[in-house]
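So the structure is just underneath, and the comments pick up after that.
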Amino acid sequence: MNDWYHIKAADFINFNPRESLSRNTMAKKVAMEKLQPFTRTVTDYEIASFRGGTKFRNGDTIMARITPCLENGKTAQVNFLENNEVGFGSTEFIVMRARPSVSDSDFIYYLATSPFFRKIAIQSMVGSSGRQRVQQDVLDTTELFVPPLSVQIKIGRNLRALDDKIASNSKINHHLEQMAQAIFTELCSVGKPAILSDILDVCYGKDHKRLEDGQIPCYGSGGIMRYVDKAIYTGESVLIPRKGSLNNVMYTNEAFWTVDTMFYTHMKHPNVAKLAYFTVRSLDLAGMNVGSAVPSMTTSVLNSLEIILPNDETLAKFEKIVDPMFLQIRANELESAKLANLRDTLLPRLMSGELSVSEISDAK
């Protein structure tokens, strides 16, 4: 660490670099909702007319500057543009670019996601409740302790390899689920009319705040919120948001807990869980919203949903084909969770110099 040095963040990072994009030009746009928490890759964008917003190029890091998006980990690295192409996004992004011969773009992304940098950004927030924003001058004057460029590149490359494998697993899972969806459409479109309550019981989730930390996933409408020490149910279940993101229907086949803004389900018959999952997921539950300010769902609406119920032979055939796909999806999810945990363990130690790049193989 003898060659590490102190430098002001504004001298290490080019914040909000100037770019030219004429008004009304059609370009690739990233809205805040397109960023996934603690995910490097930008998963989606749209083509829109530029009328304002932050501008960026490939390699730039975009970080939310507003609450609660920053606290939720909305930080990503732009990687979907062509050479010399300029994209744009939310006015609530801070754009961070590497300075030539000084800093590395991957290192900057991981610096932005490190506990050290995030804490400074979050603590700098000012403004009215619910609309607080990062103070740019605080970031500019933050003193960083960084290695020379060659070491930055090595650190970024090693952490990036973990994220690349996580992204690869996500792509594989997406393709597997698309295949299972196609098989569902082919096999399960013929059968007798039924309603959802014929094949499952809808149950309310419960508050999780008094539970201790543990190894059991606790689901909210956005996915896994935390891990707890108790299970509300064990086995195949379709998880359906009761409030909030109503269309984010999930499937699980393990011990789990669901929060009180979620429904979970008990299957009444064998081989129907995946049928229920694909059936409910295909519906626009948000369009059936019975709430007012907050989108809401009820058991009466879910129970009365009309479905097609294939015969037992078809259900058994469907289960035999798609179950290995679901098992592989789960195996990939578990591997990705381990890789993310390794990345999150290594990141602060590498970024602070506590762990050298040469020690990474031993740490793994």
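When peptides 194-202, 46-54 are ranked by their average number of other Cβ atoms within 10 Å per residue, the highest-first order is 194-202, 46-54. The range 48-88 and the range 92-170 have their alpha-carbon centroids 13 Å apart.
Net charge dipole, the chain: roughly 780 debye, given to the nearest 20, about the Cα centre with Cβ charges of +1 for Lys and Arg and -1 for Asp and Glu.
Neighbours of ASP163, meaning other residues whose beta-carbon lies under 9 angstrom from its beta-carbon, give a summed charge of +3 when Lys and Arg score +1 and Asp and Glu score -1.
Peptides 170-176, 12-18, ordered by how many other C-beta atoms sit within 10 Å of their residues on average, highest first, read 12-18, 170-176. Measuring nothing but how far apart in sequence close Cα pairs (under 8 Å, 6+ apart) lie, relative to its length, the range 53-187 scores a relative contact order of 23 percent. Amide H to amide H, with H built 1.01 Å from N, MET225 comes under 5 Å of CYS218, TYR219, GLY220, counting only residues 5 or more places away or on other chains.
Available extension along the chain between LYS230 and ASP11 is 74.0 nm, counting 0.36 nm per residue and deducting the alpha carbon span. Here the chain has 50 percent of its accessible surface on carbon and sulfur atoms, given a 1.4 Å probe and all protein chains in place. Taking every C-alpha pair closer than 8 Å and separated by at least 6 residues, the mean separation divided by the residue count of the chain gives a relative contact order of 16 percent. Only Cα pairs under 8 Å and 6+ residues apart enter the sum, and on that basis the relative contact order of the range 111-151 stands at 25 percent. Checking the Cα-Cα distances for LYS209/LYS274; LYS209/LYS230; LYS34/LYS55; LYS274/LYS320; LYS29/LYS119; LYS29/LYS55 against a 18 Å cut-off, the pairs over it are LYS209/LYS274; LYS29/LYS119. For the chain, the residue among PHE145, PRO241, LEU159 whose Cα projects farthest onto the positive side of the dipole built from Cβ charges is PHE145.
Shape analysis of the range 161-227 based on the Cα gyration tensor places the equivalent ellipsoid semi-axes at 30, 26, 7 Å, largest first.
The values are calculated or read from the model by the stated rules, or taken from the named source; none is laboratory data. Note that the structure is a prediction, hence the values are computed from the model and not measured. Don't worry about glycine lacking a Cβ; one is built from the backbone with ideal geometry, like all the others, and counts go over all protein chains shown. Note: areas computed on protein heavy atoms with side chains; ligands, DNA, RNA excluded. Shrake-Rupley method; radii C 1.70, N 1.55, O 1.52, S 1.80 Å.
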